Amino acid sequence: MRDCRMLLEKLEVNHKRQFDFIKRKIAEKDKEGYRYFLGIRDDYLGLYYKGHRMAKIEISVSNVTYDTAKYYVPEKDVNHKKMNFEEFCSNFEDIRKRIDKHTSGVHDGIKRLERVCQQWIMNMNNADPLSEWYFLDMEYTQVRKEDGQIDMIAVRRKADNTGKHAVALIELKAGKGSYREKSGLIDHMKKIIGFLENPDKYNRIREELSCMISSYQKLGLIDAQNELGEAVSAEKMAEKPDIYFLNYTYVPGYKEQKNESLPSMKQSFFNYLYSDWQKELSEEQVGGILKVKEKFRGIVDDSGTNIIACRQQIGKEDYRFIFQFIDPDTTLPRWKCLESD
């Protein structure tokens, strides 16, 4: 199980200047909320900008290295570049500019805006204390990357009447054409169902989320005195998560890429879900989702309804699946998501 508290303690005790640098960076804000995000991994930290990792930060008592992907460094014919702290600081702005180009597909024509949308949602919600949710992780994996990633994980800031905080496991799609690509709708659904079929995996998430909250307190992002700040044990997390499929018509800040409307997005989602599920999933795995097919068909033509929920049994447990469609031009505030129907 990942426990970032030991990593941060090692960084603060042995490399205080670097700890303070990271703490300052992740507190930076612009008009889109927080600018950077610090991801917690098994044995390293990841500093993210626009959904892309600026550096894999590996920490030992004697040394800290900043490993940056080949796309973000000027050298050619390298897979990545390892830097010390001084080198990373001197290259910081250049790396950030190269990520801006990478997300727009300057070098290969492939736009990577879904990752941008992920971090935009997280940064905007986390920066606003009035948001109901706090996003604790993105691109979450356990053990094997081939098992798939969960796009985002969020925790409700306020506990319910049992003292537990709701947990949302979130899959995100943004823009036209995102449902049938390599990591499309059915692939995402297969991934999340496969994850939930093993209850131990979610129990591990509960432990890790409490560790993350404790670490973000140390970094000054979460107030230890508020309700979320008290959720530093797994028992404070909901015993079962809710599953969200968020669908954005476009990525905020990239309106020139908008090629989808809410009605057409709902229609595309409906078509792909109910025609393609048999390629990867069994009827038992999606029985609850199949039962709401006619109800789902009804919201496709209803301009006033952009969310639908159902219950889906996975193993011995019953989970709530929420499908939500968002147009940033009509949703206020634009970052608001994770609604209940």
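Mean projection of the Cα convex hull over all viewing directions, computed for segment 4-103: 6.4 nm². Bridges between two residues of the chain, per DSSP, are antiparallel at a rate of about 70%. As a calculated quantity, the FRET efficiency between Lys111 and Lys258 at R0 = 22 Å, using C-beta atoms, amounts to about 0.95. When each of Val13, Val286, Val232 is scored by the number of other beta-carbon atoms lying within 10 Å, the sequence from fewest to most is Val13, Val232, Val286. Each eigenvalue of the Cα gyration tensor of segment 193-341, multiplied by 5 and square-rooted, gives one semi-axis; in descending order these are 31, 24, 13 Å. Listed values (i) 22.0; (ii) 20.8; (iii) 17.4 include one computed from this model; for mean projected area of the Cα convex hull in nm² that value carries the label (iii). Converting phi to 3J(HN,Hα) with the Karplus coefficients 6.51, -1.76 and 1.60 and the offset θ = phi - 60°, segment 208-224 yields 5, 4, 5, 5, 5, 4, 4, 5, 5, 5, 4, 7, x, 8, 10, 7, 5 Hz in sequence order, with x at every glycine or proline. Where only DSSP H runs of four or more residues are counted, the chain gives -11000 deg cm²/dmol as its mean residue ellipticity at 222 nm, each run worth -39500 (n - 2.57).
Since every read-out is calculated from the coordinates, none of them should be taken as a lab result. Note that this is a predicted model, so its numbers are computed, not measured. A quick note on method: Cβ atoms are made from the backbone with ideal geometry, for glycine too, and the neighbour counts reach across all protein chains shown.
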